[in-house]
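As structure tokens, the structure follows; a few thoughts come after it.
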Amino acid sequence: MELKERINIAVIEEFNKSGLKFTMDDISKNLGISKRTLYTVVKDKNTLFLEAVDEVFRSIKESEKEILDDNSLDVVDKLRRILVVLPKKYQTIDFRQLYELKANYPKVYEKMESRLETDWEPTFQVLEQAIREGRIKDISFPVFQSMISGTIEHYLSHTILIENRIPYEKALQDMLDIIFDGMLKQK
């Protein structure tokens, strides 16, 4: 396994233990390497986070493509899965702890926010297909995108999930259930 990949794994482990408060020392100890070696691969903690954002979103796009290519799923199932896709290797991350990112690492938060708000074309294509097939009603794509990305950004920049002891994955699923099924009880 490449050192860069090992670093990403160590970052996840240390983040899950200490949130954003982990140090480069913690990463080097986790890996059993010197800080000097670590700094030959990563310039600083900010760079470490920026690269982690890129890696997470690259993996999300790979998983998204797998969903899109899965012919066993109907269009609504594809849409639901794409909207909450989280690659297996990142399912252990406690995303609720990212609320400190905005204050402590604004450039990293901006990059994450930008990634959440871009590259919606595959999702829009599935939405268009679902509308054509009569599975969902015709909706405003920008409003839909704003609802989804705005909710996720809110989860990631506030303590609401931690304060209410709601796991990130459950919060995403609840959001989707409300969007797809509404709040009214079915008769």
At R0 = 35 Å, FRET efficiency that the Cβ-Cβ distance of residue 54 and residue 183 yields, to 0.05: 0.45
Using the Cα centre as the reference, give the magnitude of the dipole from point charges on the C-beta atoms of the range 74-181 (Lys, Arg: +1; Asp, Glu: -1; all else neutral), rounded to the nearest 20 debye. 300 debye
Can you check what the net charge comes to around residue 183, using other residues whose Cβ is under 12 Å from the Cβ of residue 183 (Lys, Arg +1; Asp, Glu -1)? -2
Along the three principal axes, how long is the range 74-181 when you take its alpha carbons, biggest first, rounded to the nearest angstrom? 45, 27, 25
Selection from 41, 136, 93 lying farthest towards where the dipole of the range 1-138 points positive, charges on Cβ: 41
Ordered by number, the trypsin sites (Lys or Arg not before Pro) in the range 1-62 that occupy a DSSP loop and have at most 13 other Cβ atoms within 10 Å are 43
Alpha-carbon centroid distance for the pair the range 4-22 / the range 33-99, whole angstrom: 13 Å
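Add +1 for every Lys or Arg and -1 for every Asp or Glu among the other residues with Cβ under 15 Å from the Cβ of residue 141, and state the total.
Neighbour charge sum, excluding residue 141 itself: -3.
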With labels modelled as points extended 7 Å from the Cα through the Cβ direction, what inter-label distance (nm, one decimal) is found for residue 165 paired with residue 117? 3.6 nm
Relative to the present Cα-Cα distance, how much length would full extension add between residue 43 and residue 94 at 0.36 nm per residue of separation? 15.9 nm
Where in the chain are the helices, taken as whole DSSP H runs, whose Cα atoms extend 24 angstrom or more along the long axis and whose Kyte-Doolittle mean reaches at least -1.0? 45-69
Spacing of the two label points (7 Å from each Cα toward its C-beta) at residue 1 and residue 132, in nm: 4.2 nm
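Treat every Asp and Glu Cβ in the chain as -1 and every Lys and Arg Cβ as +1, leave all other atoms uncharged, and give the resulting dipole magnitude about the Cα centre to the nearest 20 debye.
Its charge dipole is roughly 480 debye.
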Net charge over other residues, Cβ less than 15 angstrom from the Cβ of residue 167 (K, R count +1; D, E count -1): -2
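Since every read-out is calculated from the coordinates, none of them should be taken as a lab result. What you are looking at is a predicted structure, and each value in this text was computed from that prediction instead of being measured. Using ideal geometry, Cβ is built from the backbone for each residue, glycine included, and neighbour counts are taken over all protein chains shown.
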